[in-house]
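Worksheet for the structure shown next.
The values are calculated or read from the model by the stated rules, or taken from the named source; none is laboratory data. Bear in mind the structure is a predicted one, so any value in this text is a computation, not a measurement. Every residue, glycine as well, gets a Cβ built from its backbone with ideal geometry; the counts of neighbours run over all protein chains shown. Surface areas here come from the heavy atoms of the whole protein model, side chains and all, with no ligands, DNA or RNA. Shrake-Rupley method; radii C 1.70, N 1.55, O 1.52, S 1.80 Å.
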Amino acid sequence: MKTKNIIITGTSRGIGFELVHLFANQGHNVLALSRNEQKVSNLNFDNIHSFAFDLSKAEDYKKVEDYITTEWKHVDILINNAGTLLNKPFAETTLNDFEHVYKTNVFGVAEMTRVVLPFMEKGSHVITVSSMGGVQGSMKFPGLSAYSSSKGAVITLTELLAEEYKEQGIAFNVLALGAVQTEMLEEAFPGYEAPTTALEMAKYIADFSINGNKYYNGKLLQVSNSTP
């Protein structure tokens, strides 16, 4: 398999952490981005580079751009995995709360993609991790108005980008995940035990990242065997 240059956001825990190691063990080059600098710095592989990164800070995107320009020249796969969750009754959810969630889950995905796209060529793949809560017609849960609506926004964004960049041959797909046993799930649904582990889901996403663009573009795939 040809070695690929892969950028993953939200790598300090859960699915993102597992993805980094899966790709590194396959011999790919990985840029692991997370707000938690200590967790990122513990990823000690020769083919993993990492630095602290905050999707809500404009200056951090320049670090990504500089790294690609200096070290890689091009990017094959971008996985927008980072996300933030707020579980609060709608009546108590303030404008600042919505802004905080959307800065990471929507604006951060859009800006990261915009920064990386100039380095992507035909055959490249952008994957955004969404949630079943963002899928129209799916079961919704009280308290997740900011989170689930933000996850719906990136589904539409993915469809739009696939259309806008189809002539360049860059594929965009979005995976709406069901319940996966991660820290974020525990925060949203304390005590709930998901049927899928972070590693199991990471294996699916890793394979889809490398092969999914051969079959899909601009598509939402519902990756769920449970409710939530």
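What the table below lists for this structure:
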item: Magnitude of the charge dipole, the chain, Cβ model with Lys/Arg +1 and Asp/Glu -1, debye to 20; result: 360
item: Cα principal axis extents for segment 66-216, largest first, Å; result: 45, 34, 31
item: GNM top mover of Ser138, Ser34, Ser150 - the chain, alpha-carbon springs below 10 Å; result: Ser138
item: Residues of type lysines that Lys122 reaches as a straight line, Cα spacing below 22 Å, ignoring anything fewer than 8 places off in the same chain; result: Lys2, Lys4, Lys73, Lys166, Lys214, Lys219
item: Heavy atoms of His100 accessible to a 1.4 Å probe, total area in Å² rounded to 10; result: 100
item: Those lysines that a straight Cα-Cα span of less than 19 Å connects to Lys88, excepting residues fewer than 8 apart in one chain; result: Lys103, Lys140, Lys151
item: Accessible surface of the chain [probe 1.4 Å, protein heavy atoms]: carbon and sulfur percent; result: 50
item: Taking the chain and dividing mean pair separation by its residue count, relative contact order in percent (alpha carbons under 8 Å, at least six apart); result: 20
item: For the chain: accessible area per residue (Å², 1.4 Å); result: 48
